[in-house]
Amino acid sequence: MEKHERDHMRIVIVGHVDHGKSTLIGRLFFDTDSLPEGRMEEVKKACEELGRPVEFAYLMDQLEEEREQNVTIDTAQTFFKTDKRHYVIIDAPGHVEFVKNMITGASQAEAAILIVDAEEGVQEQTKRHAYILSMLGLQQVIVVLNKMDKVDYSEERFEAVRSDISSFLGRIGIEPSYIIPISAMEGDNVANVSDKMAWFDGPTILEALDTFKASPKDMSKPLRYPVQDIYKVGDKRVLVGRVESGIMKPGKEVMLLPSGKKTKVKSIEVFEGQKESAGPGECIGITIEHPLFVERGEIVCEGGSPLSSDTIKAHVFWMSKEPYTLGEEMLFRCATQEIGCKIESIDRKLDSSTLESKEDSPANLSDMEIGEVTLKLKSPAVVENFNDIQELGRFVLTKGLDVSAGGIISTRD
């Protein structure tokens, strides 16, 4: 068995609602012996009683019902395993929920499987999901052409759909690591090599996933630490938050943005006591040397130029049924920052399926439209290019209690 890079890798499986996602997830669980004990027997018995063949989609329906009833299982936290690692499948019921979760950062996927029905081919929803993967900068992508059993395992059909999806993905900057013909229902090329597609000499899905690298914790990036809260512990004022990039160490000279105040880190506080250093992803508290006034939403930084700006260029994916009209006030939320804002201009609007520009100088954004926009904030925010530091490069726009849009920051003015 290979040495583990780490215990888990988080993946997301996306695609058109009817292209076989539930069947694929059920097959992955079954073929890797990752189902709860006795579950497959229960499903077989239920299917026999209903006079229907055993279907993995039915298995996933049962798990979904249990999740909704908060009984025994949460498919968002269920994993399947290989000899190399455990895989956590990030799941959200329905297209809109998936989009919201992916853009808002509820789902920190390291790799993606894009599923396409070999019989139906590429659909609008396929393209929308692919575009979100592109916006999020996911580089480790497997495309699976499912239901090959429905097209008699035809190499010609595989090549036609492969060419179609490759062409679209190329236009949005995704180069899939693998494109694999499968039948999730029959188990072809999921965990086991198919003898019905001898013309394909690539890997199974599991073999492909095992070639992916777990996201390294990049210690070389500058320190970014959004302040979540301030606690008073005895005579200490402790700034609480999560290290998003870089290394936190006592004695380090830092700047608080957007205020521009400078100080030094005095100590790193954790539940068990104190630490000598903390890296990306660690939730910690810190004390600072000078008794500065600090608020939630400030960012403890080092290195790089000041990142504070009240004018931001971004890609926005509108996902509210209520369209946006230029000038409407919203709330910009990025990391722990919350600032009033409005879209100053919609510089370009795209159809999220065709990627074609929709109209010159548009004045509104509607459901599932993508806008290249300029945001004007009431006060400066600390932001990054999404490809540099994700947590400070993604944001949501809210109206009232509703998330209306998610966005990715491309540049700062």
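The values are calculated or read from the model by the stated rules, or taken from the named source; none is laboratory data. Not measured: the values here are computed from a predicted model. So basically every Cβ, Gly included, is an ideal-geometry build from the backbone, and we count neighbours across all protein chains shown.
Being among the aromatic types (Phe, Trp, Tyr) and surrounded by fewer than 16 Cβ atoms within 10 Å (Cβ to Cβ) is the filter here, so list the residues in region 276-329 that pass it. Walk me through how you get there before you give the answer.
Narrowing region 276-329 to residues among the aromatic types (Phe, Trp, Tyr): 293, 317-318, 324.
Scanning region 276-329 gives a single hit, Phe293.
Give me the pairs, please: first residue somewhere in region 20-40 and at pLDDT 80 or above, second residue anywhere and surrounded by 24 or more Cβ atoms within 10 Å (Cβ to Cβ) and part of a loop (DSSP other than H, G, I, E, B), beta-carbon distance under 6 Å, and either six or more positions apart or on two chains.
Going by the 6 Å Cβ cut-off, the qualifying pairs are Gly20/Ala184; Thr23/Ala184; Leu24/Ala184; Arg27/Ala184; Arg27/Val190; Asp31/Val190.
Do you know which residues across region 185-231 are charged (D, E, K, R) and in contact (Cβ under 8 Å) with a residue 40 or more places away in the chain?
Residues of region 185-231 that are charged (D, E, K, R), as a first pass: 186, 188, 195-196, 201, 207, 210, 213, 217-218, 221, 224, 229.
Of everything in region 185-231, those that are charged (D, E, K, R) and in contact (Cβ under 8 Å) with a residue 40 or more places away in the chain turn out to be Asp188, Lys196, Asp210, Lys213, Lys217, Asp218, Lys221, Arg224, Asp229.
If you go through region 395-408 one residue at a time, how many are assigned to a strand (DSSP E or B) and surrounded by fewer than 24 Cβ atoms within 10 Å (Cβ to Cβ)? If you could, list the steps in order and put the result at the bottom.
Restricting attention to region 395-408, the residues satisfying the condition of being assigned to a strand (DSSP E or B) are 395-399, 402-408.
Now restrict to residues that are surrounded by fewer than 24 Cβ atoms within 10 Å (Cβ to Cβ): 396, 398-399, 402-404, 408.
Of the residues in region 395-408, 7 are assigned to a strand (DSSP E or B) and surrounded by fewer than 24 Cβ atoms within 10 Å (Cβ to Cβ).
Out of all the residues in region 324-347, is one or more in a strand (DSSP E or B) and at pLDDT below 85? Give the derivation first.
Of all residues in region 324-347, those in a strand (DSSP E or B) come to 324-325, 330-334, 337-347.
Pick out the ones that are also at pLDDT below 85 and you get none.
Checked against the condition, which is being in a strand (DSSP E or B) and at pLDDT below 85, region 324-347 yields no hits at all.
Examine region 160-174 for a residue that is outside any helix (DSSP H, G or I) and more than 30 Å from Asp83 (Cα to Cα), and state whether such a residue exists.
First pass over region 160-174, keeping only residues outside any helix (DSSP H, G or I): 172-174.
Okay, now just the ones that are also more than 30 Å from Asp83 (Cα to Cα), so 172-173.
Taking every residue of region 160-174 in turn, at least one turns out to be outside any helix (DSSP H, G or I) and more than 30 Å from Asp83 (Cα to Cα).
Within region 269-286, can you find the residues that are assigned to a loop (DSSP other than H, G, I, E, B) and either over 21 Å from Asp388 (Cβ atoms) or acidic (Asp, Glu) (or both)? Before you say what the answer is, go through the steps one by one.
Keep residues of region 269-286 that are assigned to a loop (DSSP other than H, G, I, E, B), which gives 271-272, 276-277, 279-282.
Matches in region 269-286: Phe271, Glu272, Glu276, Ser277, Glu282.
Residues being of a type outside the set (A, V, I, L, M), over 14 Å from Cys334 (Cα atoms) and touching a residue at least 12 places away in the same chain (Cβ under 8 Å): count how many of those fall in region 282-310.
Number satisfying all stated conditions: 13.
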